[in-house]
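Reading through the structure tokens given below for one structure.
The values are calculated or read from the model by the stated rules, or taken from the named source; none is laboratory data. Bear in mind that the values here come from a model prediction, so they are computed numbers and not experimental data. Reconstructed Cβ throughout: ideal geometry from the backbone, glycine too, with neighbour counts over all protein chains shown.
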């Protein structure tokens, strides 16, 4: 299921920052349901599975309470297990800011 079919582009939440283009999705899947989402190029992303179990790319299990880091431009291909799955998907444009070391 692609992002256009989900209506993601048309929805706005309380956090609307054009600089980071933050995406925060709370996704609940029925048993053995499939979810696909193309991450925008230049966006860092992660998903956190907090209910059920799931497979990524048809054969890689995501254990419960696991945070999985995704690469910019990746296609997230996730299938829920027999008991379904619920996870958050968070993505945002990388700001490329230098990090302060606190040293003078």
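Please verify whether segment 77-91 includes one or more residues that are free of Cβ contacts under 8 Å to residues at least 40 places away in the same chain, more than 10 Å from the chain's Cα centre (by Cα) and on the phi > 0 side of the Ramachandran plot. No, because not a single residue in segment 77-91 is free of Cβ contacts under 8 Å to residues at least 40 places away in the same chain, more than 10 Å from the chain's Cα centre (by Cα) and on the phi > 0 side of the Ramachandran plot. Looking across segment 77-104, the residues that are modelled with pLDDT under 90 and surrounded by 15 or more Cβ atoms within 10 Å (Cβ to Cβ) come down to 91, 92, 93.
So that you can scan it fast, the table gives a plain yes or no per residue for (1) within 14 Å of residue 90 (Cα to Cα); (2) part of a strand (DSSP E or B); (3) modelled with pLDDT of 95 or more:
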site	(1), (2), (3)
11	no, no, no
14	no, no, no
20	yes, no, no
25	yes, yes, no
37	yes, yes, no
40	yes, no, no
45	yes, yes, no
50	yes, yes, yes
